[in-house]
Amino acid sequence: MDFVIFILSIAALIFGADFIIQQSERIALRFNISEFVVGSTLIALGTSLPEMATSMAASFDHKADLAIANAVGSNIINITLVLGLVFTISKPFISVRDFFAKDSLWALLPLFIFLLMSLDRNINRFDASLLFILMFAYLLFLFNNSKDEIIQSIDEELKENFSWIKSTLLLLVGFIMVIVGANFAIDSASNIATQFGVSQWFIGVVVLAFGTSLPELIVSIAAARKGKVGMVIGNIIGSNLANTTMVIGGAAMVNTLTVNLGKYYFDMALLTVASIMLVYITANKLYSRPAGILLLILLALFLHEKLYPIATLHITS
């Protein structure tokens, strides 16, 4: 029964986030905001809502490992799976935006700040406030630099069919689905962990992370098929930054998070390597299939390290 509840709760998270993303995008385009800014802010924040809701719910239940693992695993999957698939299935392209010059700092800075904050094994409300300030600084940076981006013109159909009442109601429905889905996802995930004798960290970094990263995967593949790979890269950078700042920060605002990253050095090392690879790819503009395959190989290493011990245990028993 817990598996059914978990699948239904993840579905509620995904569909709720989709409502929020669609209506936020419509409101943004209604005010003629550039496509890149939409992708890096509204869509990035919207696709991170499942992670934020589940991590805050986990923190409320005093399950710090689950809250942090969800954000860490989601960032790993965003880079290795989402960008790996996008680069693999997309044709090589030349981006107008220089991601290395403008955005590479935002791909690494949040991770290093999180690692520094974790040295005393606690992330408290003061740390959370600093993380929120970092996210706010990123938003200011994007909007100040959006003058260089091409502004989308609003089509007449959007002007005629746009309704504040409809958009507000759908946003409300989306938020309710995300909140309810998060609570059920945490309870069912914890029960599954108990049944299989695995840690909460494993459930968070693998199972919850895959489930809550589905919005990023769906949005990114859809954008890549339309040739908007640059928007995908902006979405992943923004989403990962939101996971590190808003998700972990939101969970720390609920309760102080106890962190022991020494126990999970492999996951943190892999996330660091994946982030550096992303910066290297943007620095050399390697937006092609070989780069995608390398990222997918990194994903395979991650899954092998997490799943092999469990598979071996079940086989021997």
**Study point:** Filtered residues of the stretch 100-129 (kept if out of contact with any helix residue (DSSP H, G or I) (no Cβ under 8 Å at 6 or more places or on another chain) and more than 26 Å from ASN284 (Cβ to Cβ))
**Key:** LEU116, LEU119, ASP120, ARG121, ASN122, PHE126
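Residue check: is LEU257 surrounded by fewer than 23 Cβ atoms within 10 Å (Cβ to Cβ) and under 27 Å from PHE132 (Cα atoms)?
no
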Point to revise | Subset of the stretch 225-246 [of a type in the set (A, V, I, L, M, F, W, C), in contact with a Leu (Cβ under 9 Å, 6 or more places away or on another chain) and either surrounded by fewer than 24 Cβ atoms within 10 Å (Cβ to Cβ) or within 30 Å of ASN122 (Cβ to Cβ) (or both)] | key: ILE236, ILE237, LEU241, ALA242, MET246
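Can you say whether ILE248 is more than 21 Å from ASN70 (Cα to Cα) and either at pLDDT 75 or above or in contact with a Ser or Thr (Cβ under 7 Å, 6 or more places away or on another chain) (or both), as far as the supplied structure shows?
Working: more than 21 Å from ASN70 (Cα to Cα): no; either at pLDDT 75 or above or in contact with a Ser or Thr (Cβ under 7 Å, 6 or more places away or on another chain) (or both): yes.
So ILE248 fails the test.
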**Study point:** So ILE68, is it more than 12 Å from ILE248 (Cβ to Cβ) and surrounded by 16 or more Cβ atoms within 10 Å (Cβ to Cβ)
**Key:** no
Exercise for review: Find the residue count for the stretch 179-218, including only residues that are surrounded by fewer than 24 Cβ atoms within 10 Å (Cβ to Cβ) and of a type in the set (A, V, I, L, M).
Suggested key: 10
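Every residue, every condition in (1) at pLDDT 70 or above; (2) surrounded by 13 or more Cβ atoms within 10 Å (Cβ to Cβ); (3) of a type in the set (Phe, Trp, Tyr); (4) closer than 17 Å to MET246 by Cα, yes or no:
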{"residue": "ASN122", "(1), (2), (3), (4)": "yes, yes, no, yes"}
{"residue": "PHE126", "(1), (2), (3), (4)": "yes, no, yes, yes"}
{"residue": "LEU134", "(1), (2), (3), (4)": "yes, yes, no, yes"}
{"residue": "SER146", "(1), (2), (3), (4)": "no, yes, no, no"}
{"residue": "GLN152", "(1), (2), (3), (4)": "no, yes, no, no"}
{"residue": "ASP155", "(1), (2), (3), (4)": "no, no, no, no"}
{"residue": "PHE162", "(1), (2), (3), (4)": "no, yes, yes, no"}
{"residue": "LEU170", "(1), (2), (3), (4)": "yes, yes, no, no"}
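If you take the residues of the stretch 271-290 that are among the hydrophobic types (A, V, I, L, M, F, W, C) and buried (at least 21 other Cβ atoms within 10 Å of the Cβ), which of them is farthest from LEU111 (Cα to Cα)?
ILE281
The values are calculated or read from the model by the stated rules, or taken from the named source; none is laboratory data. Computed from a predicted structure; not experimentally measured. So basically every Cβ, Gly included, is an ideal-geometry build from the backbone, and we count neighbours across all protein chains shown.
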